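One structure is given here, and the rest of the page talks about it.
The values are calculated or read from the model by the stated rules, or taken from the named source; none is laboratory data. For clarity, every value in this text was computed on a predicted model and none was experimentally measured. Neighbour counts run over all protein chains shown; Cβ positions are idealised from the backbone, glycine included.
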């Protein structure tokens, strides 16, 4: 039986979804979910938490969604550069999606067919990062250790790439900063909560397709 609270929450879901879809800011990481629910008070928030994951996914301000845990089948990944989105499929059925930040101009992420060839939950870059002094203070940031000379008395500290899944060369999917456009050195950055989900859902050998 549908309770009045669940019915109210469902109507609220439709209202917020209609507003979001009509706005060009729908895929912007803006806190609209919390702001809209705040107007309806704590009771509305408590009721909304009881909604199914498929409905709740519509509220996520970063545009991500996930119902892979409710599905069975062989996973595959599709990265769409023009959309700056990555999608998870299970036996060809859409199971999740997340915004990304792929390689910027000059470091473009290459379209092609790949697979997950390495997984490292605490990965650090061997090329990009910071030069730090002996006390851990950053002396030079966002450097490429192949091009940027290391100042005397400093050491290289590789950029942290948690939930790293390599697909070719030095390129992989991992947790990282998303400014809303392609900005990486070729890797595919995801929000932390989605990088973790993709990492655990995709074993070694998972097919990965990158398209423009």
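A few comments on the model shown:
- You will find that of 161, 140, 194, the residue that is in contact (Cβ under 8 Å) with a residue 60 or more places away in the chain and assigned by TED's automatic domain parsing to the domain that holds residue 119 is 194 and no other.
- The strands (runs of 3 or more DSSP E) located wholly in segment 160-212 that include 2 or more residues which are more than 20 Å from residue 89 (Cβ to Cβ) occupy 171-175.
- Of all residues in segment 92-107, those being farther than 19 Å from residue 74 by Cβ and more than 18 Å from the chain's Cα centre (by Cα) number 3.
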